[in-house]
Structures are given as structure tokens and as C-alpha cells.
Amino acid sequence: MIDWFGARVSALAAVTVASLVLAPAMSQAQTTVKTPTAWRTAWGHPDLQGIWTTDAEILVPFERPVEFGERPSLNEEELAKREADTRRRALDDKADRRPGSALGTPAHWFEIGNGLSARTSLIVDPPNGRMPPLTAEGAKRVIDPRRETGLMGGDGTEALNGPEDTGLASRCITRGVPETWIPSIYNNGFQIVQTSEYVAILYERYHETRVIPLDGRPHVDQHIRQWIGDSRGRWEGNTLVVDVTNFSDKARFKGSGETLHVVERFTRIDADTVNVAVTVEDQTRWTRPWRFEVNGKKHAEYRIFEMACHEGNYTMSHMLSAARAQEKIAAPDAATTVR
């Protein structure tokens, strides 16, 4: 499965974190900035173009640990500990390879070294940095982890009887929207290209490309459902607002379904930073809308590389064979065919 990590992995193995740069948390208020002329396209739109990466926020929890309460940033002592953990990962501490830890992958495969964030969570609203309570309907919903976008079929322990039993990411189909914005251990780059009528976003992970029209056209018919939804963009001052609907029920995001509604707000903070604020709403799942944010950073040497994923789908057959073998061990008298 090494092919999943792309050509940049071996190069990043040599990267140290001696030059870690603190990337403070940015509140929604801070995203209201005056766009300099240099950040304008030739046709006058705010310029979001370039290659960005969210690597600096890999170690930021999606939900805030309860002990931090409503505190959005680490203090000096806590930040020093996070930096020490990052340095240890860069040295490939074998403790990081324990089973169940990031799929047991060597720590030197993690993309680190492009900065260090002091944020206590990616979620910024509610103020406690955690997803809001579930609705009564949402609490009753049985979540099949095999339908989520996880690498395996959820926690990797359930039986894999066929390719359809694995997550969408395992099949290299998609991480989904807005899942694709959440920093992972590798391939966190994204590239934005603009014209006067469209904005295109290429994600390094699985090489998905979203083409977002800006001409005010309505969403596609509600009966048309897509893996990453249907996106429509508009400009509000210096911010690109993208409304995303028409999700497929097969592409779940943290237990949501086809009633998911996502609004993304892209704002250029400075020459090297674009803030992406993502509002999530599903009235059948959560009691209120909620928001998380990521900060894409520019680095002179960062490039988008091809992600080979599991080349030729060999890994898929290996996973299924392993599942059959595990079944045979668990029930040696059962007639199990290993394919």
C-alpha cells in the first residue's frame, strides 16, 4: 500500500522540523481582510490561485478535546509538547508503528515540516470546538462504517466480503466533500485555478477536480445525486462562497446523508495563506449547523504529485484474501474459500 503515498513521500522522509513556524488559529473575524491589488485576477476577482497545503494542521484534532473547553489555542507549554511530538514523528519513533496507530504506518511517511499550528481543534463553531448534539432521528440512525469514506471499512475490523464492503477511500473513489478538507497524514495539497466564469479545485488526494460555475445557474435537479455534491459559487466581497447540495446517500460525512448541505467560504488572508471555512448542516443529523476551518499555506517547493493509490487494485484483492484467511483462523472448521 506504499503506492498510496505518492512520489513525494520519500522526499518528505528527510524533512526535519527544525524550522517549525507557529501558525496561530484564525477566527472568522480575521478572515475579513482587504484584498491588495496584487491578489486580484486580471478580470478583477480576488485571486485565490496557486498550490496550497494544510500540512501544518495535521496534528490539530478535528474535535477539541474536552479539557480545553472553549480555548481555541494551545498555551506555550502545550505547543512545546506538540512540537516535541512532531519532532519525534520526524525521527520515526517505532512507538508510532504500534497496531491501530494511523494504520500502523511508519511515522516518516507523515507529511510534516511545513509549519506547526497552535489550534486546539479544526471545529470553531460551536465554541466548544465539538460537533453539536444529534437530533432524535440522528441518534437512532445506524451508521454502517463501510459506507463512510474511511480507508478500510470503518475501523478495519469488520469482514470484507467484497469491494463494496470497503470505504470509498479504500477504493480510491473519493474522500468526499467536505471530508477532503480535513488534513490527513499525507497528500494534503490542493490547487485552485480561476477564470472569470469558473473556479476549479484539484485535490492531491485521489486527484479529484471540482469545477465550480460562478454564473448564477441553479443547482442540478434534486434527483441527480453525486459523490461530492453539486457546487455553485458566488463572490461576496473578497470571499468566494460555494454552496454544495445534491449529495449521494452513498457518500456519508460523519453520519449525514443526502440531506447534507455544505457552504464553503474561501478568503485570501495574506500572500501565503487562504482560509477555508466550511459550514455543515443536516437537519436530520445535527441539532444546528456547525463550522470547521482549515488554512492552506503556500510553500515555494511544494508541488502536486500523482497519487498512485493502490495501483492496479492489487491491494483490494490482498485485503479480501486476508479477510478470508482471518475467517478461516476464527472458524477453522468452516468451509471458507480464500480467493
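The values are calculated or read from the model by the stated rules, or taken from the named source; none is laboratory data. Since this is a predicted model, take the numbers as computed values, not measurements. Reconstructed Cβ throughout: ideal geometry from the backbone, glycine too, with neighbour counts over all protein chains shown. Heads up: the accessible areas ignore ligands, DNA and RNA and are worked out on the full protein's heavy atoms, side chains in. Shrake-Rupley method; radii C 1.70, N 1.55, O 1.52, S 1.80 Å.
A few comments on the model shown:
- Residue count, region 187-214 (criterion: open to solvent by 20 Å² or more (accessible area, probe 1.4 Å), of a type in the set (D, E, K, R) and under 26 Å from Asp282 (Cα atoms)): 1
- Filter result (open to solvent by 10 Å² or more (accessible area, probe 1.4 Å), of a type outside the set (Val, Ile, Thr) and either at positive phi or not in a loop (DSSP other than H, G, I, E, B) (or both)) within region 175-186: Glu179
- Met307 passes every criterion in (1) over 26 Å from Pro61 (Cα atoms); (2) assigned to a loop (DSSP other than H, G, I, E, B); (3) aliphatic (A, V, I, L, M) apart from (1).
- Positions within region 126-142 being touching a residue at least 12 places away in the same chain (Cβ under 8 Å) and out of contact with any Pro (no Cβ under 8 Å at 6 or more places or on another chain), in sequence order: Pro127, Asn128, Arg130, Met131, Pro133, Leu134, Thr135, Glu137, Gly138, Arg141
- Unmet requirement for Phe247, which otherwise passes all of (1) at pLDDT 95 or above; (2) closer than 24 Å to Pro46 by Cβ; (3) buried (at least 18 other Cβ atoms within 10 Å of the Cβ): (2)
- Residues within region 244-267 that are assigned to a strand (DSSP E or B) and either touching a residue at least 24 places away in the same chain (Cβ under 8 Å) or in contact with a Leu (Cβ under 6 Å, 6 or more places away or on another chain) (or both), tallied: 8
- Per-region count, region 251-281, residues open to solvent by less than 10 Å² (accessible area, probe 1.4 Å) and modelled with pLDDT of 95 or more: 12
- Leading residue by the ranking (modelled with the lowest pLDDT) among those in region 114-142 that are part of a helix (DSSP H, G or I) and open to solvent by 80 Å² or more (accessible area, probe 1.4 Å): Lys140
This table checks each residue for (1) part of a loop (DSSP other than H, G, I, E, B); (2) out of contact with any Lys or Arg (no Cβ under 9 Å at 6 or more places or on another chain); (3) at pLDDT 60 or above; (4) open to solvent by 20 Å² or more (accessible area, probe 1.4 Å).
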| position | (1), (2), (3), (4) |
| --- | --- |
| Val60 | yes, no, yes, no |
| Glu67 | no, yes, yes, yes |
| Arg71 | yes, no, yes, yes |
| Leu79 | no, yes, yes, yes |
| Asp85 | no, yes, yes, yes |
| Asp96 | no, no, no, no |
| Pro99 | yes, yes, no, yes |
| Leu103 | no, yes, no, yes |
| Ile112 | yes, no, yes, no |
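- Region 221-237 - residue that is crowded, with 21+ Cβ neighbours inside 10 Å and part of a loop (DSSP other than H, G, I, E, B) and, of those, farthest from the chain's Cα centre (by Cα): Gly229
- Given (1) assigned to a strand (DSSP E or B); (2) farther than 19 Å from Val294 by Cα; (3) within 23 Å of the chain's Cα centre (by Cα), number of the condition Cys172 does not satisfy: (1)
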